[in-house]
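Scroll down for the structure; my scribbles are underneath it.
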Amino acid sequence: MTGRPSVLIIASESVPFVKTGGLADVVCALAKSLKELGVDARVMIPKHSKIKYEHQDELETLATSTIRLGWREKYLGVQTMEMDGVVFYFIDNEDYFGDAVYRGGDAENEQYLFFCKAVCEALSLIDFDPDILHLNDWHTGMIPLLLKTQYTNWFDNDKHILFTIHNIEFQGKMDFGLMKDLLGVPDHYYSPEYIEAGGCANMLKAGLVFTDRISTVSPNYSDEIMHPWFGMGMEGILSARRHELCGILNGIDTEIFDPGSDEDIAAQYSAADMTNKRACKKALRDEFSLQTKLTTPIVSMVTRLTRQKGFDLVQYVLEELMQEDIAFVVLGSGDQQYEDYMNYIAAKYPEKSGVHIGYNEALAHRVYAGSDFLLMPSEFEPCGLSQMIAQRYGTLPIVRETGGLVDTIEPYNIFTGKGTGFSFSTFNAHDMMAAVKLALSVYRDKPVFRRLRKSAMLLDNSFLKSAGQYKALYKSML
Ligand code: ADP
């Protein structure tokens, strides 16, 4: 039985179709969990080319139309299919979504200006009339303004908008001329009370100003972003709307990330019987041709290689760290300078480092399962999923105390002997190093290490908990 509130979750990407980061995991897990809680939750994303190639035969076309973007007339297709019990709607336009998910620069701005307008059009073309539109990140930022100024026939008093910030660093900044040209946004909105920030039109800010409520992905991050260091220019609007802002901690899809049934890993294991984690570690060693002993701890990272993820700290002390009895594994891609650095490490320490530059879902599972520690020294971290996935695989996170990392890790306490990971506070390479060394010393204390690992595996990081809070939030908006 489903009833009010019904929800359409709108985002630029979603598992199982397209994933470039944690947002895609969250969108799908939220929709699935809301369904379990009796909420009619559906998802709308662009029809990226990958979807076209993999699901062409399953897609049903609901409507084809054209929309005006300034003087241009653009094709709009709306297609649908059901996956894992969730109805997905796709915005189809080959010109905008036929290649990269994110084209970068103004090409990307244009992709998602189109997406916002296309979503507004599609709302009256689909077989679903949601009470709540749940928008995610800057790619959906123009939807509230458009609905409240240009689509007032569809957007009435019974409809409500929640805007969730997954990462405030990305804002969709552009020259106002582009936005005005494509969406016909009137000049008077280009002012600091509305959509202007730092001399640019800003899609994220538009979302934050025109939405009804705002959430972000962890309670700690919702406090942090009201301060200039974390708010990245949005602290003013967020402080002004602090009573309409809340933080709901993300969870992970515990079916996809389950060492007890994961087919991607060498052998399955659980908190009750962890024997096979050793086999996973052995397999990971073999996969990366590590020459270290099986007893040597493996410290890994599964991440975008960017400044946000703390690679400046890693770069500063990694060679010092490599002198310890450890193996270091990195799976990720991102900024050239960090990719080059990791390749340099791989070449210099072939026997004790493993580096895979690229995006590989199955390998990520094998790294989580085969490692002893996951390093996540983020400069800022709205929520972070990798540390939760690692915990579920009995791999202890070593994190910096920021954003959601604070909300998800109980740092090891040497007096009580309890914890689910390790942490350090200041964004400083040697503080990170001290945390890693503490982790390595605990690793040698087998009974304590086993206890921490078990505590981490037994944590309930499932999305169902988060979905319950979203459901309560939606209800409070009606
Ligand atoms: P982000 O800031 O990138 O969203 P999160 O920790 O919230 O960081 O989520 C990252 C997600 O992407 C996790 O599910 C992680 O396992 C996955 N991931 C990151 N890099 C890779 C990669 N190179 N290959 C496979 N999965 C990856």
| task | At most 14 other Cβ atoms within 10 Å plus a DSSP loop assignment makes a site exposed; report the longest stretch of the chain without any exposed trypsin sites (Lys or Arg not before Pro). | result | 1-292
| DSSP loop chymotrypsin sites (Phe, Trp or Tyr not before Pro) with at most 12 other Cβ within 10 Å excluded, longest remaining stretch of the chain | 72-414
| the range 365-439 versus the range 58-86: alpha-carbon centroid distance in Å | 42
| query | Residues in the range 92-125 near a label at K52, defined as backbone nitrogen under 14 Å from the 7 Å Cα→Cβ point? | reply | 92-101
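Give me Rg/Rg_expected for the range 277-457, where Rg uses Cα atoms only and Rg_expected = 2.2 N^0.38 Å with N residues.
After normalising by residue count via 2.2 N^0.38 Å, the value is 0.92.
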| remark: On the formula 1/(1 + (r/R0)^6), with r taken between the Cβ atoms of N413 and Q469 and R0 of 35 Å, the FRET efficiency rounded to 0.05 is 0.80
| remark: Under the 7 Å Cα-to-Cβ spin-label approximation, H188 and T64 lie apart by a distance in nanometres of 4.1
| said: Could you give the length gained by full extension between S425 and N153, i.e. 0.36 nm per residue of separation minus their alpha carbon distance, to one decimal place? | reply: 92.9 nm
| field | Over the range 1-142: Rg over Rh, Cα atoms, Kirkwood Rh | value | 0.94
| Tell me, what HN-Hα J-couplings in whole Hz come from the Karplus equation 6.51 cos²θ - 1.76 cosθ + 1.60 at θ = phi - 60° for each residue of the range 124-141, using x for Gly and Pro? | 9, 9, 9, 8, 8, 10, x, 7, 10, 9, 10, 9, 9, 6, 4, 4, 10, x
| field | Partner lysines for K352 [C-alpha distance under 18 Å; skip if fewer than 8 residues away on the same chain] | value | K281, K282, K293, K437
| How big is the range 177-265 on each of its three principal axes, counting only the C-alpha atoms and giving the largest first in Å? | 57, 30, 24
| query | For the chain, what's the radius of gyration and Dmax over Cα atoms, in angstrom? | reply | 22.8, 69
| remark: The distance between the Cα centres of the range 251-266 and the range 32-49, in whole Å, is 21
| note | Once phi for every residue in the range 104-109 is put through the Karplus expression 6.51 cos²θ - 1.76 cosθ + 1.60 (θ = phi - 60°), the whole-Hz ³J(HN,Hα) values, with Gly and Pro written as x, are x, x, 5, 5, 6, 4
| said: Suppose the chain between A240 and K282 were pulled fully straight at 0.36 nm per residue; how much longer would it get relative to their current alpha carbon spacing? | reply: 9.8 nm
| message | Principal axis extents for the range 248-317, Cα atoms only, whole Å, descending order, please. | response | 42, 37, 19
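Only the coordinates and a few stated rules stand behind these numbers; no lab work does. None of the values given here were measured: they were computed from a predicted structure. In this analysis, Cβ positions are derived from the backbone assuming ideal geometry, glycine residues included, and neighbour counts consider all displayed protein chains.
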